[in-house]
Amino acid sequence: NYTVGASLKRLIKDGFITAALSRNMFFNGANRYEDNSSSDGKLLFRLGSHEVENKLRVDVNQFKNGWKITYGVSAQYVKYDADIFTVVRQEEKDSSGNVISPDVTVNSSTAIDFFKMGAYGHLSKYFFKEKFLISGGLRTDLNTFTTTGLNPLKTLSPRLSMAYSFNSKWNISASVGSYYKLAPYTALGFRNVQGNLMNTDLNYIQSIHYTVGTQFVPRKDFRVTVEGFYKDYNDYPVSNTTGISMANTGSDFSAIGNDTYSSIGKGRVYGVEAYVQQKLVKNMFYVASATVYKSEFAGADGIYRASSWDFGFNISTTLGYKFKKNWEIGAKYRIA
């Protein structure tokens, strides 16, 4: 996995423009052998895939009459390829030990490339002597791969957030927003035995986020936040073969998305998160967060079941110490 990029910032009247160009690549490879032995075991599964994204983004930030105005566009050139070998275990033998139904081997390969585009606008302003902040925005996403990908109205996603400061130490906030995400490349690149792409009709996955929280800052170098959240998912990919949501697969040794899908799945994720941050004081800093949540998705039968990442809780801590001459040492602990 690697990421490389560069950005350019230019001052304009009442604000600035930022342009960023970047590239990221992810290679994923895996082999599985019978009895987990590569020396004498039979090869059951092999995967090799690349995901490459070349991105260009331009953002404009301006400040006029107390308003912060942000808008921008983005473009990506995406490439994905995969070579997959799988053995479907179905061997049967007769009473004499002769094989009457052998295992089936499946070889598949695919390569796709397409463009993704996006545009957004955002406004925010403080009212009532800097006590009340309101923010709102609108975004749309496009792509050249799916059948409805070039319709900007299909992915219009409004967002709204508000925050109220009781004093310099304590505030409360709430937000609601719609977000869209393209299905995973593994599903988009799936081909049948004839070599035809089978999932070009998938919709964008939609999630509507609801949050409410509070922040306490007793001093400038220390803050505590607590937030409750609820995420409502629609149009999640569901396997046409098994009727299982893609969110409920992935705990076994296989290629996730190597199937035909329909955008009929639903999901919900809800919970509470607490976060504590201590900035650098006497050469030491730390960050700690704890989340208790539930993640459930439904397939073709409409019954909600725990998703593959429904860990129940997640605790993460980071501790750091800064020495002389700009040397630092840090440690991180995470449990889920």
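Points worth noting:
- Unique match (being among the basic types (Lys, Arg), touching a strand residue (DSSP E or B) at 6+ places or on another chain (Cβ under 6 Å) and either open to solvent by 60 Å² or more (accessible area, probe 1.4 Å) or closer than 30 Å to residue 33 by Cβ (or both)) among 219, 268: 268
- Within segment 33-44, residues that are without any contact (Cβ under 8 Å) to a residue 24 or more places away in the chain sit with their Cβ atoms under 9 Å from residues that are aliphatic (A, V, I, L, M), at 6+ positions apart or across chains, in these pairs: 33/43; 33/44; 34/43; 34/44; 34/87.
- Residue check, residue 321 under 29 Å from residue 264 (Cβ atoms) and of a type in the set (Ser, Thr, Tyr): no
Residue-by-condition table, conditions (1) of a type in the set (Ser, Thr, Tyr); (2) assigned to a strand (DSSP E or B); (3) farther than 22 Å from residue 70 by Cα:
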residue	(1), (2), (3)
6	no, yes, no
10	no, yes, no
19	no, yes, no
22	yes, yes, no
25	no, yes, yes
31	no, yes, yes
46	no, yes, yes
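- In segment 4-59, the qualifying residues are those that are among the aromatic types (Phe, Trp, Tyr) and within 27 Å of the chain's Cα centre (by Cα), and the one that is most open to solvent (accessible area, probe 1.4 Å) is 27.
- Restricted to segment 155-203, and to residues there that are of a type in the set (D, E, K, R) and modelled with pLDDT under 95, the residue that is most open to solvent (accessible area, probe 1.4 Å) is 169.
- Some residue of segment 60-71 being assigned to a loop (DSSP other than H, G, I, E, B), in contact (Cβ under 8 Å) with a residue 40 or more places away in the chain, open to solvent by 40 Å² or more (accessible area, probe 1.4 Å) and touching a helix residue (DSSP H, G or I) at 6+ places or on another chain (Cβ under 8 Å): no
- Among (1) farther than 17 Å from residue 55 by Cβ; (2) modelled with pLDDT of 80 or more; (3) of a type in the set (Val, Ile, Thr), the one test that residue 73 misses: (1)
For every residue, the table says whether it meets (1) in a strand (DSSP E or B); (2) within 26 Å of residue 110 (Cβ to Cβ); (3) open to solvent by less than 40 Å² (accessible area, probe 1.4 Å).
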{"site": "226", "(1), (2), (3)": "yes, no, no"}
{"site": "229", "(1), (2), (3)": "yes, no, yes"}
{"site": "241", "(1), (2), (3)": "no, yes, no"}
{"site": "258", "(1), (2), (3)": "no, yes, no"}
{"site": "263", "(1), (2), (3)": "yes, yes, yes"}
{"site": "273", "(1), (2), (3)": "yes, no, no"}
{"site": "289", "(1), (2), (3)": "yes, no, yes"}
{"site": "319", "(1), (2), (3)": "yes, no, no"}
{"site": "330", "(1), (2), (3)": "yes, no, no"}
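- Scanning segment 316-336 for residues that are among the β-branched types (Val, Ile, Thr) and farther than 29 Å from residue 244 by Cα yields 317, 318, 329.
- Scanning segment 115-138 for residues that are of a type outside the set (A, V, I, L, M, F, W, C) and over 26 Å from the mean Cα position of the chain (by Cα), we see that the one that is most open to solvent (accessible area, probe 1.4 Å) is 129.
- Flag if residue 141 is of a type in the set (Asp, Glu), in a strand (DSSP E or B) and open to solvent by less than 50 Å² (accessible area, probe 1.4 Å): yes
- In segment 278-287, residue least open to solvent (accessible area, probe 1.4 Å) [restricted to those that are in contact (Cβ under 8 Å) with a residue 12 or more places away in the chain and not aromatic (Phe, Trp, Tyr)]: 278
- Tally of residues being in a loop (DSSP other than H, G, I, E, B) and in contact (Cβ under 8 Å) with a residue 12 or more places away in the chain across segment 194-209: 7
- Among (1) of a type in the set (D, E, K, R); (2) in contact with a strand residue (DSSP E or B) (Cβ under 9 Å, 6 or more places away or on another chain); (3) part of a loop (DSSP other than H, G, I, E, B); (4) open to solvent by 60 Å² or more (accessible area, probe 1.4 Å) - the single one residue 301 does not satisfy: (2)
The values are calculated or read from the model by the stated rules, or taken from the named source; none is laboratory data. If you're wondering where the values come from, they're calculated on a predicted model, not measured in any experiment. Methodologically, a virtual Cβ is constructed for each residue, glycine included, from the backbone with ideal geometry; neighbour enumeration extends over all protein chains shown. Note: accessible area is taken over every heavy atom of the protein model, side chains too, but ligands, DNA and RNA are not part of it. Shrake-Rupley method; radii C 1.70, N 1.55, O 1.52, S 1.80 Å.
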